[in-house]
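Peer 1: Okay, here's the structure, questions in a sec.
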Amino acid sequence: MSCLICAGQAESVECTRGWEERRCSRCGCYRMSQSLILLMMEEGQIFDAERMREWLMSRRDVIAVPSIDHGQAILLL
Ligand SMILES: [Zn+2]
């Protein structure tokens with residue numbers, strides 16, 4: 001399984017319907033909505049991995065496994 005943010009090696013974790021959870025050695029553990037993943041694939045967009053990791057790090061003060069949906073996606077432009 002690959003990381004949805006950096007495409008590196010990641011472990012897939014069982015989670016809620018409609019979401020994908022990954023544990024990546026570089027990005028850590030996070031959840032991502034399947035509708036965001038689909039949109040990213042359709043539009044050929046990729047994440048700004050560096051900035052997504054910073055966002056995830058800041059969220060982990062509040063929640064162990066942060067969720068990434070359309071409003072949280074930081075794209076590489
Ligand atoms: Zn990653």
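The values are calculated or read from the model by the stated rules, or taken from the named source; none is laboratory data. Computed from a prediction, not measured in an experiment: that's the story for all the values here. Backbone-built Cβ (ideal geometry, glycine too); neighbour counts: all protein chains shown. The area values use the complete protein model at the heavy-atom level, side chains included, leaving out ligands, DNA and RNA. Shrake-Rupley method; radii C 1.70, N 1.55, O 1.52, S 1.80 Å.
Peer 1: Pick from segment 26-39 the residues that are over 14 Å from residue 52 (Cα atoms) and of a type in the set (Gly, Ala, Ser): which of them is nearest to the ligand (Cβ to nearest atom)?
Peer 2: 33
Peer 1: While we're on this one: Just to be sure, is residue 17 open to solvent by 20 Å² or more (accessible area, probe 1.4 Å), in a loop (DSSP other than H, G, I, E, B), without any contact (Cβ under 8 Å) to a residue 12 or more places away in the chain and not β-branched (Val, Ile, Thr)?
Peer 2: yes
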